[in-house]
Amino acid sequence: MRSLKFLVLTLALAVTVTACGAPPQADLDAAKTAVDSAVAAGAAEYAAASMKAVEDAQAALDAELKAQEGNWLKSYTKAKELATAVKTAGEKAATDAAAGKETAKNEATAAIGEVKTLLTDAQALLDKAPKGKGTAADIEAMKTDLTTAGTAITEAETALAEGKFLDAKAKAESARTTATTVKTAVEAAMAAKKR
């Protein structure tokens with residue numbers, strides 16, 4: 001009788017160990033899919049804080065899985081919860097990346113439009129800039145600056161068309177700075193000439 005109880009207890013323990021001994025593969029796969037979607041959506045660029053949350057959740061999951069590898073009696077209950085957290089964070093990062101991408105696209109488009117107008121205004125002012133002794137080199141330098149700004153806008157438009165919205169915005173901002181500097185310098189020269 002004693003050996004029968006021992007056998008039943010041993011079988012119950014074996015079933016328990018076997019049931020708890022396998023990682024929750026479906027949950028891990030779902031988490032990986034969510035992380036891959038976040039990465040593909042550009043979360044690292046357009047939703048950095050959300051992507052950081054994904055990376056932190058993934059690190060916690062990896063640590064838990066590693067800890068369970070060393071246990072004789074494995075329990076993947078916490079790993080299952082952590083995998084769900086990674087999946088949720090990944091889905092949020094993908095959504096945030098899509099929103100961030102749309103915002104960056106709109107900002108880049110607006111910046112390019114504004115800078116084109118600013119370039120036209122700066123060029124028109126430069127054409128009216130007072131010319132006199134020692135101004136020829138300054139005017140040529142400003143023309144070169146406006147040409148460079150125009151090139152930056154062309155590059156910004158190309159980046160925008162390629163879906164590189166942050167790059168497009170950065171190039172437009174660079175062109176804005178150059179055009180503003182030229183416009184301000186010409187306005188200052190015109191104001192000085194009037195005195």
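The values are calculated or read from the model by the stated rules, or taken from the named source; none is laboratory data. Quantities reported herein were computed from a predicted structural model and do not represent experimental measurements. Neighbour counts are summed over all protein chains in view; Cβ atoms, including those assigned to glycine, are modelled from backbone coordinates with ideal geometry. SASA here: full protein model, heavy atoms, side chains in, ligands and nucleic acids out. Shrake-Rupley method; radii C 1.70, N 1.55, O 1.52, S 1.80 Å.
Quick look at the numbers
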quantity	calculated
Of all residues in the range 91-131 being without any contact (Cβ under 8 Å) to a residue 12 or more places away in the chain and not hydroxyl-bearing (Ser, Thr, Tyr), the one that is farthest from residue 192 (Cα to Cα)	102
Residue list for the range 137-183, restricted to those being touching an Asp or Glu at 6+ places or on another chain (Cβ under 8 Å), open to solvent by 40 Å² or more (accessible area, probe 1.4 Å) and in contact (Cβ under 8 Å) with a residue 60 or more places away in the chain	166, 169, 176, 183
Any hit, the range 93-112, residues being assigned to a helix (DSSP H, G or I), open to solvent by less than 30 Å² (accessible area, probe 1.4 Å), closer than 30 Å to residue 188 by Cβ and out of contact with any Leu (no Cβ under 9 Å at 6 or more places or on another chain)	yes
Criterion: more than 30 Å from residue 159 (Cβ to Cβ) and in contact with a Ser or Thr (Cβ under 9 Å, 6 or more places away or on another chain) - qualifying residue of 94, 57, 122	57
Residue count for the range 175-194, restricted to those that are within 19 Å of residue 153 (Cα to Cα) and not polar (S, T, N, Q)	5
Single residue of the range 117-136 satisfying the filter (crowded, with 18+ Cβ neighbours inside 10 Å and not polar (S, T, N, Q)) that is modelled with the lowest pLDDT	129
Listing of helices (runs of 4 or more DSSP H) fully contained in the range 1-78 that carry 2 or more residues being loosely packed, with under 11 Cβ neighbours inside 10 Å and modelled with pLDDT of 85 or more	25-40, 48-69
